[in-house]
Amino acid sequence: QPPPAATPQDSQSALLLGHVGDRALDSVTFLRKLWVADNRLARRVVEQMVFAELATLEADRLGIKLVEAAVEAELTRAQNELARKLESKGSKLTLREHIDQVIGVEPELYLADLRDETIVQMLAERCVRAYMLETDRCDVVITEVRSAEARDAFESGLALGKGFDELALAHGFGDEETTHVTRMQIARSESQELPRLVFATPQGKVGGPLEQNGRWLFFVAQKRVEGRPGTWAELREDVEKSLVAEPVGDMEFLQWRSAMVRRYRVELEPFFELVERKKR
């Protein structure tokens with residue numbers, strides 16, 4: 001007689017993982033144990049799943065089709081980069097040997113997942129850049145001030161007629177080490193505080209401070225560009241050229257994700273009910 005089917009403690013149906021004696025090992029208990037052991041990892045995996053679905057849905061809406069040769073080239077680049085990292089650490093193993101012996105996963109499974117992630121990343125990059133082209137946007141120079149004292153000094157300096165560049169260098173932080181500013185494009189969005197403030201600030205003027213997690217942003221609103229909605233056939237050439245010229249940045253991804261969460265319903269309550277045994 002086979003062991004009895006799994007019967008989870010809760011009403012949710014569960015995938016049977018195995019048995020110990022006549023007691024079932026089920027996926028609900030596994031997920032809860034994983035959540036308690038490392039909820040950061042669990043959250044990251046769920047976020048990756050959400051990201052992949054958003055990219056797929058938006059790529060379908062736009063009609064994006066990847067060229068197979070481009071996918072293979074990017075996959076080869078990703079594998080070569082992994083192999084290079086192993087070599088730089090002094091490993092004598094090939095990539096497949098490392099996957100099998102160190103990671104402990106079947107190489108074919110790992111590489112198939114890498115291929116899926118590569119496709120999602122390529123779709124997402126094109127979706128993000130298409131979104132930026134479709135949407136009104138503003139070039140901004142932004143600096144981050146990390147204390148209330150520095151914020152007050154920045155505002156006092158502005159009141160005294162000092163320039164943004166001078167104050168950013170004295171009190172701010174940014175990607176550019178020599179100027180302490182970050183240059184980026186902000187897409188128009190009425191649901192996000194920074195884009196609302198950017199588009200409410202006259203061109204050439206200083207905006208801020210905008211508080212974000214105990215830090216303050218000051219910026220200069222520069223050139224504004226009107227969005228150009230279109231199909232993928234109409235946007236493709238400009239998108240591909242822009243990706244060659246400059247990779248998609250973190251801020252672009254964040255703006256795109258925020259817009260996609262509003263465009264497509266993202267509902268994770270069942271997951272949190274499952275792992276935390278409560279509604280969230």
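No value in this document is a laboratory result; all are computed from the given coordinates. Predicted, not measured: the structure shown is a model, and the values here were computed from it. As a convention, Cβ positions derive from the backbone with ideal geometry for all residues, glycine included, and neighbour counts pool all protein chains shown.
For the chain, the Cβ-based charge dipole about the Cα centre amounts to some 540 debye (Lys, Arg positive; Asp, Glu negative; other atoms uncharged). Largest mean-square fluctuation among Phe199, Phe30, Phe164, in a Gaussian network model of the chain whose springs join Cα atoms under 10 Å apart, belongs to Phe30. Shown here: semi-axes √(5λ) of the Cα gyration tensor in Å, derived from the displayed model; of the candidates [x] 35, 28, 17; [y] 32, 20, 17; [z] 42, 26, 22, it corresponds to [z]. Calculated mean residue ellipticity at 222 nm for the chain: -17500 deg cm²/dmol, from DSSP H runs with n ≥ 4 weighted as -39500 (n - 2.57), summed, divided by the residue count and rounded to 500. Among Ile142, Ile103, a tally of other beta-carbon atoms within 10 Å of each Cβ gives an order, fewest to most, of Ile103, Ile142.
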